[in-house]
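S.K.: Quick one: this structure, given as structure tokens, is what I'll be asking you about.
The values are calculated or read from the model by the stated rules, or taken from the named source; none is laboratory data. Predicted model only: the values in this text are computed from it and were never measured. Every residue, glycine as well, gets a Cβ built from its backbone with ideal geometry; the counts of neighbours run over all protein chains shown.
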Amino acid sequence: MPSWELCQIDGALVLQPLSGLAQGVVRVDFVTGRTAYRIRRGGGRKGELARAIGIPRANRGLRVLDLTAGLGRDTFLLASWGCAVLALERHPMIHALLADGLRRAWADPETAALLDDDPQRLQLLEADAREYLKTIAPSDFDVLYLDPMHPSRQKSAKVRKEMQAFQEVVGSDSDDAELLAVARASGVARVVVKRPVKSDLLAPGVAFSQKGKTVRYDVYLLPRVGETESLD
């Protein structure tokens, strides 16, 4: 399998195979392309992810800790919907890609306006989420969001290339269940886990799920005082 490297192409940091094939590059782009189009149209603002996070019912901007930012698509969407998002990415190369994509997003006036030109709306930190969770208080965030890497059901060549890059650079998320356990032990009231729609639960205790065509969002809620947690 090919190895991957970071390099600059047309002013953007990209991840490409050592073979140097330009068509194989992976980049983060919130300014042009399908992701940017969806963000600008507010795509999904009332959809499964927004409902799982609790956005439609909230009367304020929610504070979200994205434990596995990756290429940041959900991260940016949440921020564009009014959430204050702190995104964590532990792999240095993927963190560098996302940081570069955010740099270019902030430099584009139209894209920056989607976040109200507020640098506090979306922040990125290179960190292992399991360790970072040990440093927070339950009141620091309203929602923890976990999107473990899993094979994509999309069939486009671009998506397959991105997933290939992730699998070769990052490896598999063998500690996703452990991360979920740490997240639920943090005391934050809501933990949301993105899963393939037909996959097994990452852990029992789901309060409810929001299902789309290819993915679902399992929501774990902190039991209220006097309640016991259901084992779904």
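S.K.: Pairs needed: first member in the range 185-199, surrounded by fewer than 19 Cβ atoms within 10 Å (Cβ to Cβ); second member anywhere, in a loop (DSSP other than H, G, I, E, B) and of a type in the set (Asp, Glu); C-beta distance under 7 Å; at least 6 residues apart or different chains.
M.R.: Ala189/Asp142
S.K.: Now for a different question. So if I check each of Leu65, Leu88, Leu102, which one is in a strand (DSSP E or B) and either of a type in the set (Lys, Arg) or in contact (Cβ under 8 Å) with a residue 60 or more places away in the chain (or both)?
M.R.: Going through Leu65, Leu88, Leu102 in turn, the sole match is Leu65.
S.K.: If you don't mind, another one. Name every residue in the range 37-59 that is at pLDDT 85 or above and in a loop (DSSP other than H, G, I, E, B), in order of residue number.
M.R.: Result: Gly47, Gly54, Ile55, Pro56, Arg57.
S.K.: With the structure loaded, tell me whether Val182 is farther than 23 Å from Arg57 by Cα, surrounded by 17 or more Cβ atoms within 10 Å (Cβ to Cβ), over 17 Å from the mean Cα position of the chain (by Cα) and at pLDDT 95 or above or whether it fails that test.
M.R.: yes
S.K.: Further question on the same structure: Go through (1) touching a strand residue (DSSP E or B) at 6+ places or on another chain (Cβ under 7 Å); (2) at pLDDT below 95; (3) in a helix (DSSP H, G or I) and name the single condition Arg34 misses.
M.R.: Just one mismatch for Arg34, condition (1).
S.K.: Inspect the range 162-174 for any residue being at negative phi, at pLDDT 95 or above, surrounded by 18 or more Cβ atoms within 10 Å (Cβ to Cβ) and not charged (D, E, K, R) and give the result as yes or no.
M.R.: no
S.K.: State the number of residues belonging to the range 46-99 that are surrounded by fewer than 18 Cβ atoms within 10 Å (Cβ to Cβ) and among the polar types (S, T, N, Q).
M.R.: 1
S.K.: Something else now. On the given criteria, is Ile94 free of Cβ contacts under 8 Å to residues at least 40 places away in the same chain and among the β-branched types (Val, Ile, Thr)?
M.R.: It is false that Ile94 is free of Cβ contacts under 8 Å to residues at least 40 places away in the same chain and among the β-branched types (Val, Ile, Thr).
S.K.: Pull up the range 122-151, narrow it to residues that are over 16 Å from Ser186 (Cβ atoms) and surrounded by 19 or more Cβ atoms within 10 Å (Cβ to Cβ), then point me to the one that is modelled with the lowest pLDDT.
M.R.: Top of the filtered list is Pro148.
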